[in-house]
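Report on the following structure.
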Amino acid sequence: MRLEQLASKCGEWLRGSGPESDIVISSRIRLARNLAEYPFIRKCSIADQEAVEKALRACVESVSSWSGLTYFDVNALEEVDRQFLVERQLISREHADAEGARAVAIDPEEKFSLMINEEDHLRIQVMQSGLDLENAWEQINQIDDVIEDTLTFAFHDRLGYLTACPTNVGTGMRVSVMLHLPALVITRQIEKVFRSLQKIGLAVRGLYGEGSQAMGDFYQVSNQVTLGRAEEVLIKQVREVVPLLIEYERKARDFLIQENHENLHDRVSRAYGILCTAQTISSEETMHLLSSVRMGVNLGLIGDIEIPTINKLFIHTQPAHLQKLRGIELDTADRNIERAHYLQRHLNRDQDSQEFEKN
Amino acid sequence: MKCQQCEKPATFHITELTGSEPEEIHLCEVCAQTYLAQPEEADEVSGSLANMLAEQIKIGQTAEDLQRLDQRACPICGITFYEFRHVGRLGCPHDYVCFEEEIEPLVVNIHGETEHVGKRPKRSAKGTDKQTEVIRLRRELAAAVEKEDYEQASELRDQIKEIEGT
């Protein structure tokens, strides 16, 4: 499988289905593991790092049920291809920018990926559409078992799985749920929500963003603690807070509809109008407007677009995706034009789009 | 519609709910970002683990103690305590043992716990100290090869094989 083939498709986590999928985009779990016989990345020699990559690759390739996995040597990839994998959330920004032998193995449906030589030797990641952490845990636990059949992970009797950073020690597990919270952003309640989550030991991060900066009003809620609580307990903690966040977001949406219907409808319609007609548009503005449109569709203010289409547009209008889909490298100005055309083609489906695609 | 704070077109329409009545604010992207970023309280928790470590470790240490501590190095991977507290990343599994006293309060601060509960690997569920020894042997092996001490190198290779074989 080549990256171009991935580009036209859409990862499992963007399917837009699953429980509460109007607000909950995806559920993911990752496990941090290190091979016991090698230093952590920071102290790996070039040879060590290559040996770790080789050992993990051999292990991945020996599992017969994983024969469909695609293995990418991240070091050998072009910058735009690394960026592409970051946009799809298959590797992290840090992994893309790092140096030395490193790789990623990707399941054809993009339900899981194995990042090799990121901050730890191995980061296993499982993604599910909607709110479905139990399933994600079942899968990742099994993947971990399979790898552990052939390799020995660094483990300490009292501290559990040992990781390069003490923030991940113990279970090595990060559970996160990605939510779309535009109404909480509009009503400026989001900061308040974040602070209360922090108080109960949960972290909130914006999609692609650093700190609390969120693109397209997407936020990831995850556990901060990894030690001293069993995996199921950590999952339960995140799982139980999500319905509350959904409720707050729904209340904020109801408030906007009841108290401010014209303004809300205006906001959504304008966003849609710009996306359908713009001739050049930045990635930031696109994300921002798509967020309004997404909420508008969920509230029944806009018809004839499907949520999965909008979910897909969030990813496909990112810089590297546009270039992969177009098949050529584009600078910022050309990307903005290409993005506007792409949006027009996919939002004005019934009208001139078919003609456009023929040309 | 123009931005209320400058001449650019307003693309952000914010509804402020903190007053007695909802208030509409219309801003351009730049002004909106500044407006929304108005911190109610600044917090820089993320991304500064190294700073947190540095701060925590300094507490209760005299300058001389800290200097002595900084120079301590892990016998397995060679990372100094100074390096760890600056980058916030450990060098190998043994660091958790050799810097135990210093790492323990950190772990408590982050997790509020000191003992792992949950999944254990089927193999080496009691810990992987023996495998850690391989890290040291490999480092010594590289040094022996560097010095062209092939006799020692061959001995080290045998030792590594022995542990790996078990």
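The values are calculated or read from the model by the stated rules, or taken from the named source; none is laboratory data. Being a predicted model, the structure only gives us computed values, none of them experimental. Neighbour counts are summed over all protein chains in view; Cβ atoms, including those assigned to glycine, are modelled from backbone coordinates with ideal geometry.
Based on what the data block shows, is A:Val225 surrounded by fewer than 22 Cβ atoms within 10 Å (Cβ to Cβ), among the β-branched types (Val, Ile, Thr) and either assigned by TED's automatic domain parsing to the domain that holds A:Arg93 or over 20 Å from A:Pro308 (Cα atoms) (or both)? Full working, then the answer.
Details: surrounded by fewer than 22 Cβ atoms within 10 Å (Cβ to Cβ): yes; among the β-branched types (Val, Ile, Thr): yes; either assigned by TED's automatic domain parsing to the domain that holds A:Arg93 or over 20 Å from A:Pro308 (Cα atoms) (or both): yes.
Here the answer is yes, as A:Val225 does meet what is asked.
Name the residue, out of A:Asp144, A:Asp132, A:Asp120, A:Asp73, that is assigned by TED's automatic domain parsing to the domain that holds A:Val233 and free of Cβ contacts under 8 Å to residues at least 40 places away in the same chain.
Only one candidate qualifies: A:Asp73.
Looking at the stretch A:302-351, which of its residues are of a type in the set (A, V, I, L, M, F, W, C), crowded, with 20+ Cβ neighbours inside 10 Å and under 17 Å from A:Glu284 (Cα atoms)?
Those that are of a type in the set (A, V, I, L, M, F, W, C), crowded, with 20+ Cβ neighbours inside 10 Å and under 17 Å from A:Glu284 (Cα atoms): A:Ile310, A:Leu313, A:Phe314, A:Ala320, A:Leu322, A:Ala340, A:Leu343.
When the residues of the stretch B:125-142 are filtered to those that are of a type in the set (A, V, I, L, M) and within 17 Å of B:Pro93 (Cβ to Cβ), which remaining residue is surrounded by the most Cβ atoms within 10 Å (Cβ to Cβ)? Walk me through it before giving the result.
Residues of the stretch B:125-142 that are of a type in the set (A, V, I, L, M), as a first pass: B:125, B:134-135, B:137, B:141-142.
After this cut, where a residue has to be within 17 Å of B:Pro93 (Cβ to Cβ) as well, the list is B:125, B:134-135, B:137.
Numbers: B:Ala125: 11, B:Val134: 22, B:Ile135: 26, B:Leu137: 22.
Among those residues, the one meeting the criterion is B:Ile135.
Which one is farthest from A:Glu78 (Cα to Cα) among residues in the stretch A:306-345 that are touching an Asp or Glu at 6+ places or on another chain (Cβ under 8 Å) and not in a helix (DSSP H, G or I)?
Only one residue tops the list, namely A:Gln318.
Check A:Val268, A:Val297 and return the single one that is over 28 Å from A:Gln198 (Cβ atoms), more than 14 Å from every other protein chain (Cβ to nearest Cβ), assigned to a helix (DSSP H, G or I) and more than 20 Å from the chain's Cα centre (by Cα).
A:Val297
If I filter the stretch B:143-161 down to residues being surrounded by 13 or more Cβ atoms within 10 Å (Cβ to Cβ) and of a type in the set (Asp, Glu), which single residue comes out as nearest to B:Thr132 (Cα to Cα)?
For the stretch B:143-161, the residue satisfying everything is B:Glu155.
Restricting attention to the stretch A:21-38, does a residue exist that is over 24 Å from the mean Cα position of the chain (by Cα) and either more than 14 Å from every other protein chain (Cβ to nearest Cβ) or not aliphatic (A, V, I, L, M) (or both)?
Yes, the stretch A:21-38 contains a residue that is over 24 Å from the mean Cα position of the chain (by Cα) and either more than 14 Å from every other protein chain (Cβ to nearest Cβ) or not aliphatic (A, V, I, L, M) (or both).
Is there a residue in the stretch B:117-131 that is more than 15 Å from A:Ala154 (Cα to Cα), among the charged types (D, E, K, R) and out of contact with any Gly (no Cβ under 9 Å at 6 or more places or on another chain)?
no
Before we move on, is B:Arg138 within 9 Å of chain A (Cβ to nearest Cβ), more than 21 Å from A:Asn168 (Cα to Cα) and more than 19 Å from the chain's Cα centre (by Cα)?
It is true that B:Arg138 is within 9 Å of chain A (Cβ to nearest Cβ), more than 21 Å from A:Asn168 (Cα to Cα) and more than 19 Å from the chain's Cα centre (by Cα).
Given the conditions (1) within 30 Å of B:Glu83 (Cβ to Cβ); (2) within 10 Å of another protein chain (Cβ to nearest Cβ); (3) modelled with pLDDT of 70 or more, and given that B:Phe12 satisfies all but one, which numbered condition is not satisfied?
If we test B:Phe12 against (1) within 30 Å of B:Glu83 (Cβ to Cβ); (2) within 10 Å of another protein chain (Cβ to nearest Cβ); (3) modelled with pLDDT of 70 or more, just (1) comes out false.
Using the structure shown, decide if A:Glu87 is within 13 Å of chain B (Cβ to nearest Cβ) and under 15 Å from the mean Cα position of the chain (by Cα).
Answer is no for this residue.
Please indicate, with yes or no, whether at least one residue in the stretch A:36-49 is over 16 Å from A:Leu151 (Cα atoms), in a helix (DSSP H, G or I) and acidic (Asp, Glu).
no
Taking B:Thr128, is it touching a His at 6+ places or on another chain (Cβ under 7 Å) and in contact (Cβ under 8 Å) with a residue 12 or more places away in the chain?
On the way: touching a His at 6+ places or on another chain (Cβ under 7 Å): no; in contact (Cβ under 8 Å) with a residue 12 or more places away in the chain: yes.
So B:Thr128 fails the test.
Does the stretch B:103-116 hold any residues that are farther than 16 Å from B:Arg72 by Cβ and assigned to a helix (DSSP H, G or I), and which are they?
B:Pro105, B:Val107, B:Val108, B:Asn109, B:Ile110, B:His111
Test each condition in (1) at the interface with chain B (Cβ under 10 Å from one of its Cβ atoms); (2) buried (at least 24 other Cβ atoms within 10 Å of the Cβ); (3) closer than 21 Å to A:Arg102 by Cα for A:Met115 and report the one that comes out false.
(1)
Of the numbered conditions (1) more than 23 Å from the chain's Cα centre (by Cα); (2) in contact (Cβ under 8 Å) with a residue 12 or more places away in the chain, A:Met287 fails exactly one; give the number of that condition.
(1)
Select from the stretch A:120-136 the residues that are modelled with pLDDT of 95 or more and more than 15 Å from the chain's Cα centre (by Cα) and write down the one among them that is surrounded by the most Cβ atoms within 10 Å (Cβ to Cβ).
It comes out as A:His121.
Against the definition (buried (at least 24 other Cβ atoms within 10 Å of the Cβ), touching a helix residue (DSSP H, G or I) at 6+ places or on another chain (Cβ under 9 Å) and over 22 Å from B:His111 (Cα atoms)), how does A:Val104 come out, yes or no? It would help to see each step written out before you state the result.
Details: buried (at least 24 other Cβ atoms within 10 Å of the Cβ): yes; touching a helix residue (DSSP H, G or I) at 6+ places or on another chain (Cβ under 9 Å): yes; over 22 Å from B:His111 (Cα atoms): yes.
The answer is yes for A:Val104.
Listed here are the residues, each with its yes/no results for (1) in a loop (DSSP other than H, G, I, E, B); (2) surrounded by fewer than 22 Cβ atoms within 10 Å (Cβ to Cβ); (3) more than 7 Å from chain A (Cβ to nearest Cβ); (4) not hydroxyl-bearing (Ser, Thr, Tyr).
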{"position": "B:Leu90", "(1), (2), (3), (4)": "yes, no, no, yes"}
{"position": "B:Pro93", "(1), (2), (3), (4)": "yes, no, no, yes"}
{"position": "B:Glu101", "(1), (2), (3), (4)": "no, yes, yes, yes"}
{"position": "B:Gly118", "(1), (2), (3), (4)": "yes, yes, no, yes"}
{"position": "B:Lys122", "(1), (2), (3), (4)": "yes, yes, no, yes"}
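Please verify whether the stretch B:125-134 includes one or more residues that are more than 8 Å from every other protein chain (Cβ to nearest Cβ) and under 16 Å from the mean Cα position of the chain (by Cα).
Within the stretch B:125-134, none of the residues are more than 8 Å from every other protein chain (Cβ to nearest Cβ) and under 16 Å from the mean Cα position of the chain (by Cα).
May I ask you to list the residues in the stretch A:152-167 that are under 16 Å from A:Ala203 (Cβ atoms) and either charged (D, E, K, R) or crowded, with 24+ Cβ neighbours inside 10 Å (or both)?
Passing the criteria: only A:Pro166.
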